Every structure is written in C-alpha cells, then in structure tokens.
C-alpha cells in the first residue's frame, strides 16, 4: 500500500512539474496548496533533494524545483525511494530479495510466484509512469504497452 509520505511526495513533485523549469517554490506554498502538513512535507522535500530529485535554494527567491525534467522522474523511483521495494513479500523483491524464514521450497512456493507477478505488474506500471505522463493524462493502458 502506498504510504502517506509517498503520496505527499508525488503531490509535491506533480505541483513542481507544472511549473516552468527552474521555478522555485517555497515549501510553505506547496504545503498550503496541497493541504499537506508543512513540517512533514519539509522532511519529505529534504529526502527528495538528498536523492537528486529536487534542487533547493535559500534566500529571498529560494525554494524547491525539480532537478530534472518531469519526463525523467517515474512514479516507481519515488515510491521505492520513500516506501522501499514494490514487492509485497521480501522473497518476491528484485531490489531487496530476502528468503522467507518459514519457506521450505522457495522455487515451488505458489505464494512467492503470485507475489512476484504482483511486483512485476506494479513495476511495469510505476516505472513507466512519469510525472509528465500523469500531467498529460497518459496513465492508462498505453503504459503497459510501452513496458
């Protein structure tokens, strides 16, 4: 399930993606317009900056802006950054694989096989949905066709 933290991050990134490149927006403005608690948003923005999705500037004309074009930031990147692996079980993860402690036959585990398909389907959609796609309304079946 998508955390509130990831949801707020996506809302903030989409707001910044609507602005002309390089346009700085104050955290307070983002928080107010997106109805997000300011202190929580500031922590999220710092995390996004640390991981190279945002650039910040202090001072009178300061704020935050995207570090790259909206077409270069996928929902998958943001979700993994803030929520961790997409897989519902560690044994189904590509990036953070870990065998389940109670598993007797990992390769024959039907639960793992289904959860891996869930993970793969989520990744196919989230990794091919960029901020630009979302703003343009391109979030339907064409994302699956591209994968």
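The values are calculated or read from the model by the stated rules, or taken from the named source; none is laboratory data. The structure displayed is predicted, hence computed values, not measured ones. Backbone-built Cβ (ideal geometry, glycine too); neighbour counts: all protein chains shown.
Annotations for the structure displayed:
- In region 54-105, residue nearest to the chain's Cα centre (by Cα) [restricted to those that are touching a residue at least 60 places away in the same chain (Cβ under 8 Å) and farther than 22 Å from residue 5 by Cβ]: 71
- If the condition is being out of contact with any strand residue (DSSP E or B) (no Cβ under 8 Å at 6 or more places or on another chain) and closer than 17 Å to residue 135 by Cβ, then region 13-36 contributes 14, 18, 20, 33, 34.
- Residue under evaluation residue 76, criteria (1) surrounded by 17 or more Cβ atoms within 10 Å (Cβ to Cβ); (2) outside any helix (DSSP H, G or I), criterion not met: (2)
- Matching residues in region 41-78 - criterion: being over 23 Å from residue 28 (Cα atoms) and out of contact with any strand residue (DSSP E or B) (no Cβ under 8 Å at 6 or more places or on another chain): 76, 77
- In region 26-52, the residues that are buried (at least 19 other Cβ atoms within 10 Å of the Cβ) reach residues that are not in a helix (DSSP H, G or I) with C-beta atoms within less than 6 angstrom, at least six apart or across chains, in these pairs: 45/64; 48/54.
- Qualifying residue in region 50-61 (condition: in a helix (DSSP H, G or I) and at pLDDT 95 or above): yes
- Elements of type helices (runs of 4 or more DSSP H) contained in region 92-147, each with 1 or more residues being more than 20 Å from residue 78 (Cβ to Cβ), modelled with pLDDT of 85 or more and in contact with a helix residue (DSSP H, G or I) (Cβ under 6 Å, 6 or more places away or on another chain): 110-126
- Enumeration of residues in region 33-53 that are more than 16 Å from the chain's Cα centre (by Cα) and closer than 16 Å to residue 5 by Cα: 34, 35, 36, 37, 38, 39, 40, 42
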